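A.B. asks: Before I ask anything, here is the structure I am working with.
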Amino acid sequence: MDIRLSVTQNQILSQKMIQSMEILQMSSQELNEYIKEVALENPVVDIEEAYETPDKAADLVKKLEWLDSIDERNRIYYRQEYSSEDANDKRLMDYSENMGEELSEYVMDQLLTVELTDLQYDVIQFMVYSLDSKGYMEEDLEEVAARFGTDVAFVESQLKLLQSLDPAGVCARNLRECLLLQLDREDEEDEVARRIVSDYLELLGKNQLHVISKKLKLPMERIIEACNHIKELNPKPGSGFDARGHLKYITPDVTVVKLANYYEILLNEYTYPKIGINHFYKQILESESSKETQTYIIDKIRQAEWIQNCIGQRNSTLMRVAKCIVDYQADFFKSGTGHLKPLRLQDVAEILEVHESTVSRAIRDKHLQCSWGIFPLNYFFSKSIAAGNSSGKITTEQVKKLMAAIIEEEDKKKPLSDRVITERLVERGVKISRRTVAKYREEMGVKDASGRKSFQ
C-alpha cells in the first residue's frame, strides 16, 4: 500500500513538473488560451480580467504611446516570404492598421452584373476562395472539375473569365502566367518582354541578361529595356489586399521603455486573464457537505492554486531573463540593430543560477517590444565569431553588417564573389569560411555575384 502511494505521489509530482515547464514556455497568447481551457475544465476557477489601477493603466498607455511615436515598426515582426525581396527590411516590417477589402470580395464584386449559371457561380466562387495570399490559383483544374462533376474545359473557361478581372494577373497559376496576363493588358505590345517571360524567366531570375541577349540575338540595350519593363509588373497581384487569414499577429510578452536614466521592463500581463477561486465553492467547503464533495473541491482548488503558482513563476523567470538581456545588451537598446554583443543561454543561466533549459523555455516563442521594434527573445542570443579586433569577439549580426557594407561599396558592374567577400572580411579581422559567407548572404536576401551584376 505504501509502495503504491509512493508511486502515485511520484506520478503526480512528475505531472506537475511537466505542467510547470509547459506553462513556462507559453507565450502570452498561448497562456491566454490555456487559462480559458482551465476555466472550462475546472469548475472552481473564475477568470478575472487583469485590470490595472487607473494610475498604472494611464502610465502604461503613455509608455506605449511613446514607443509608437518613436518607431511604428514595433507593431509587428515577421520574416519575409521570399529572399529575393528587399533584404533591408527583411526582419522588421511596418504593418498598416487600415485593413482594406479582401481579394476574394473584390473579385466576386466584379461579377455582380455577369449572368452566371449555378454551376458557373459555384466553380468560380470555389476558385476565388482558393486563391493564396499572392492572388494565385493553386488548385488543380482536374480536381476542381471532379469536385463539381464537370469537365476540365468548363473549369478552364471559368478560370479565363476570372483572369480577365482586376487586379491584372489575378488567378494565375504561376509567376510566368501572372506576368503574361499583365503584359496582355497593355496597350503597346512588348514582344521582347513576352519572349523573356515565356522562355527565359529562369535566366532573368539569375540576372543572366547577356545569355538572354545572345539567345534572342538582340542588343543588350533592348534586353535591359524589356527586363526593366518586366520588373515594373506585379508578381503578387493579391498583395495589396487584406490578408487577414495569412497574417500572424504577434503580442509582445515584454515591453522595454527607456526613461530618464534607466530602462523599465513591463510584463504584458494585461494580455491574459488572471485565475481566481469561485467563492461559491469556498462556501460549500465551510458548510456541512459530504466528505466526497469536500475532497473533490479541495482537489480542484489545489489544482487551480498550483496553476496560479506556475504562472507566477513563469512571469518571475521571464522578467529576470529580460532584465539580464537589457543589462547585457545595453548598447542595442541605446543604438539599435548592429550593436548586439555575443550572449549565450549559458551566460544568463549562470547569472540567474538556473539550468540552461529553464532559460531556453523562458524565451521560447516570446517577444520583446522596444523603441527599435518587436524582436523574438532568442534574437538577443548570438554566438560569437573570432575577430582580430580589440574585443576578440563579434556576433553574426555584426558580420552581416560588415558584409552589407562591403557589398554596398562594390563595383556594381563587377560584383564581388563570396570568396572575395571572405577575403575582405579577413582583412577586417573576421575569420569565417566562404561557405559561411554564402549562408549569411542568403539569410540577408542578397543575390550572388551574377545576380547582383548591373548591365547599365
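A.B. asks: Quick check: with the 1.4 Å probe, what order do LEU340, LEU345 take by accessible area, largest first? All intermediate terms of the calculation are to be shown ahead of the outcome.
C.D. replies: Values: LEU340 5, LEU345 45 Å².
Highest to lowest solvent-accessible surface, that is LEU345, LEU340.
A.B. asks: Let me ask something else. Figure the gain on full extension for GLU143 and LYS401 (residue separation times 0.36 nm, minus the Cα-Cα span) and round it to one decimal in nm. Intermediate values should be presented prior to the final figure.
C.D. replies: Numbers: separation 258, 0.36 × 258 = 92.88 nm, distance 4.81 nm.
Extending this stretch completely gives an extra 88.1 nm.
A.B. asks: If you project the alpha carbons of the range 131-248 onto the principal axes, what extent comes out on each, in Å, largest first?
C.D. replies: Taking max minus min along each principal axis of the Cα atoms, the range 131-248 gives 51, 36, 27 Å.
A.B. asks: Show LYS282, LYS214, LYS300, LYS231 ordered by accessible area, largest first, where the area counts protein heavy atoms only and the probe is 1.4 Å. Kindly include the intermediate steps, with their values, before the conclusion.
C.D. replies: On the way: LYS282 85, LYS214 160, LYS300 35, LYS231 140 Å².
Highest to lowest solvent-accessible surface, that is LYS214, LYS231, LYS282, LYS300.
A.B. asks: If you don't mind, there's one more thing I want to ask. What's the ranking of 117-124, 270-277, 130-137, 36-43 by average number of surrounding C-beta atoms within 10 Å, highest first?
C.D. replies: Working: 117-124: 14.9, 270-277: 17.0, 130-137: 19.5, 36-43: 13.1.
Descending packing order for the listed peptides: 130-137, 270-277, 117-124, 36-43.
A.B. asks: Let me ask something else about it. Skip the ligands, DNA and RNA, and give the accessible area per residue of the range 97-212 with a 1.4 Å probe, whole Å². Walk me through the numbers on the way to the answer.
C.D. replies: On the way: 6250 Å² over 116 residues.
Using a 1.4 Å probe on heavy atoms only, each residue of the range 97-212 averages 54 Å².
A.B. asks: Given a 1.4 Å probe and heavy atoms of the protein chains only, how would you sort GLU189, GLU115, largest accessible area at the top? Let's see the in-between values first.
C.D. replies: Working: GLU189 140, GLU115 175 Å².
Ranked from most to least accessible, the order is GLU115, GLU189.
A.B. asks: Next up: For the range 266-357, which GluC sites (Glu not before Pro) are in a loop by DSSP, counting at most 11 other Cβ atoms within 10 Å?
C.D. replies: Values: sites: GLU269, GLU286, GLU288, GLU292, GLU305, GLU350, GLU353, GLU356; in loops: GLU288, GLU353.
When the GluC sites (Glu not before Pro) of the range 266-357 are filtered for loop state and at most 11 Cβ neighbours within 10 Å, GLU288, GLU353 remain.
A.B. asks: Roll a 1.4 Å probe over the protein heavy atoms and report the accessible area of THR150 in Å², nearest 10.
C.D. replies: Roughly 40 Å² of THR150 is accessible to a 1.4 Å probe.
A.B. asks: Tell me the accessible surface of SER239 in square angstrom (1.4 angstrom probe, heavy atoms of protein chains only), to the nearest ten.
C.D. replies: Spelled out: SER239, probe radius 1.4 Å, area about 70 Å².
A.B. asks: With a cap of 12 neighbouring Cβ atoms within 10 Å, and only residues DSSP puts in a loop, list the chymotrypsin sites (Phe, Trp or Tyr not before Pro) found in the range 177-256.
C.D. replies: Qualifying residues, ordered by number: TYR249.
The values are calculated or read from the model by the stated rules, or taken from the named source; none is laboratory data. What you are looking at is a predicted structure, and each value in this text was computed from that prediction instead of being measured. Note that we place each Cβ from the backbone using ideal geometry, even for glycine, and neighbour counts take in every protein chain shown. What goes into the accessible areas is simple: the full protein's heavy atoms, side chains included, and nothing from ligands, DNA or RNA. Shrake-Rupley method; radii C 1.70, N 1.55, O 1.52, S 1.80 Å.
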